[in-house]
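Scroll down for the structure; my scribbles are underneath it.
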Amino acid sequence: QVQLVESGGGLVQAGGSLRLSCAASGLTVSNYAMGWFRQAPGKERDFVAVVTRTGRVTVYADSVKGRFTISRDDGKNMVYLSMNSLKPEDTAVYYCAADATTLYSMRESGYDYWGQGTQVTVSS
């Protein structure tokens, strides 16, 4: 049974930092493209970042480029999203996802497994 469990969300002031974690079980993260998405209230779920199976390629949404970093620890079977210089518009539920088939995808439909999400709230 595949499980992705996110943690590390919380309330932070604008300009602050958070690191989200995604613990995977039932799959090996190095065999998947691993992505992060987010969904703000009343909005669609949007792509944030992805790391490919090899770990050599990372892709970011323009809105987070230069502020967020996706990384992976194969030994711990974990994926992380380090978020710096947070803005109120980064407030959302953040989801970890695993893609079994493509090199990487920025579309929800490209992912096979999803976590339950972790709330990030950035106050102004």
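The values are calculated or read from the model by the stated rules, or taken from the named source; none is laboratory data. Computed from a prediction, not measured in an experiment: that's the story for all the values here. Counting neighbours? That spans all protein chains shown, and the Cβs are built from the backbone with ideal geometry, glycine included. Surface areas here come from the heavy atoms of the whole protein model, side chains and all, with no ligands, DNA or RNA. Shrake-Rupley method; radii C 1.70, N 1.55, O 1.52, S 1.80 Å.
What to note about this one:
Residues checked against (1) closer than 20 Å to GLN3 by Cβ; (2) in contact (Cβ under 8 Å) with a residue 24 or more places away in the chain; (3) not in a helix (DSSP H, G or I):
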{"residue": "LEU20", "(1), (2), (3)": "yes, yes, yes"}
{"residue": "LEU27", "(1), (2), (3)": "yes, yes, yes"}
{"residue": "ARG56", "(1), (2), (3)": "no, no, yes"}
{"residue": "LYS65", "(1), (2), (3)": "no, no, yes"}
{"residue": "ALA98", "(1), (2), (3)": "yes, yes, yes"}
{"residue": "THR102", "(1), (2), (3)": "no, yes, yes"}
{"residue": "SER105", "(1), (2), (3)": "no, yes, yes"}
{"residue": "VAL122", "(1), (2), (3)": "no, yes, yes"}
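- For the stretch 82-117, the set of residues classified as more than 14 Å from ALA24 (Cα to Cα) and surrounded by 21 or more Cβ atoms within 10 Å (Cβ to Cβ) consists of MET83, LEU86, ASP90, ALA92, TYR94, TYR111, listed by residue number.
- All of (1) open to solvent by less than 10 Å² (accessible area, probe 1.4 Å); (2) not in a strand (DSSP E or B) hold for PHE37 with one exception: (2).
- Selection count, the stretch 40-54, where residues are part of a strand (DSSP E or B), over 9 Å from the mean Cα position of the chain (by Cα) and closer than 19 Å to ALA92 by Cα: 2
- Single residue of the stretch 40-60 satisfying the filter (over 14 Å from LEU81 (Cβ atoms) and in contact with a Lys or Arg (Cβ under 8 Å, 6 or more places away or on another chain)) that is surrounded by the fewest Cβ atoms within 10 Å (Cβ to Cβ): GLY55
- Test: residue in the stretch 2-14 that is open to solvent by less than 30 Å² (accessible area, probe 1.4 Å), closer than 24 Å to ASN77 by Cβ and not in a strand (DSSP E or B): no
- Checklist (1) within 14 Å of ASN77 (Cβ to Cβ); (2) out of contact with any Asp or Glu (no Cβ under 6 Å at 6 or more places or on another chain); (3) not acidic (Asp, Glu) applied to VAL48, failing item: (1)
- When the criteria are applied in full, SER30 meets the requirement of being under 15 Å from TYR113 (Cβ atoms), of a type in the set (S, T, N, Q) and open to solvent by less than 60 Å² (accessible area, probe 1.4 Å).
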